[in-house]
Structures are given as C-alpha cells and as structure tokens.
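Below is one structure, written out as structure tokens; the observations come after it.
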Amino acid sequence: MLGIIVSDLPTVFKHRNNVYYNSLGASGAVSAVVFACILFLPLRDICFYGVLCFPGFVLGVIYLGYSYYSSKKSKDGINHDAHLYGSLFGIIYCIIFYPDSIRIFLEQMGQWKIPFI
C-alpha cells in the first residue's frame, strides 16, 4: 500500500493545478515490488511473453531509463513518474528495512558473467 502512495505523490504535486490531469492505478506499487525482487535476485530472468528474457538488473536499468525519459518527454497519458518513483521506492524500502539486501545484491552481481564472452 505504501508503494501506491509514495509512487503517486510526485505526480500529485506536479499536476496539482491541472484539473484535467487524472491518473489511477497501482502500476507504481507493482514497479516497487518488481524492483524489490530485482534487488534480491538480480540475475533471475524476466521474460517478455515467455520468449525474450533478460537478467532482472539489465531489464531494470532499461526500465528506469525509459521511465525517466518518458516522464520528461511523453504525452501518452501514462503516469511514467509513478513507475519511476515506485521502482526507486522498492529499492530504497528494502535497503532501509533490510540493509543486508545490498550485500545479497552485490554477491550475486559478482557471479554474473557477460554472455558470449
């Protein structure tokens, strides 16, 4: 529940004077949960439609970049800010309430080998 609130707060402040802007959904909270999982299992594959798979941390970096870019440039009616801040909240929340998550992440990243090299 906290992920929904925290991920939407920046949008509320950003559009507080725009009566025509509306955004509803739990996608920011979903992003928080996904990124919390990436923090604990960064090498676990995340797949698109079960076919195109990437390690979680790779997809996470791409997703953060896309969300940041889209929050600045996109006019598609999607609350990209909620996705971005939800993702960051998921990571920060885990680090604050389970500091050992940093060690877990770094240990697993130390085992990663670049494919095809």
Task: Neighbour net charge for Ala32 - beta-carbon separation under 14 angstrom, K R +1, D E -1 - done: -2
- [ ] Treating only the Cβ atoms of Lys and Arg (+1) and Asp and Glu (-1) as charged, compute the dipole magnitude of the range 44-117 about its Cα centre; round to the nearest 20 debye.
- [x] 180
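Would you please name the trypsin sites (Lys or Arg not before Pro) within the range 30-117 that are DSSP coil residues with at most 16 other C-beta atoms within 10 Å of their C-beta?
Qualifying residues, ordered by number: Arg44, Lys75, Lys113.
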TODO: Provide the FRET efficiency to the nearest 0.05 for the Ser74-Arg103 pair, computing r from the beta carbons and using R0 = 35 Å.
DONE: 0.45
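So how do Ser71, Ser7 line up by other beta-carbon neighbours within 10 Å, fewest first?
Working: Ser71 19, Ser7 28.
Fewest-to-most Cβ neighbours within 10 Å comes out as Ser71, Ser7.
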- [ ] Using every pair of alpha-carbon atoms in the chain, split the distances into 10 Å bins beginning at 0 and state the percent of pairs per bin, rounded to integers.
- [x] 14, 39, 31, 13, 3, 0
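Where a number appears in this text, it was derived from the coordinates with a stated rule and is not lab data. Predicted model only: the values in this text are computed from it and were never measured. Methodologically, a virtual Cβ is constructed for each residue, glycine included, from the backbone with ideal geometry; neighbour enumeration extends over all protein chains shown.
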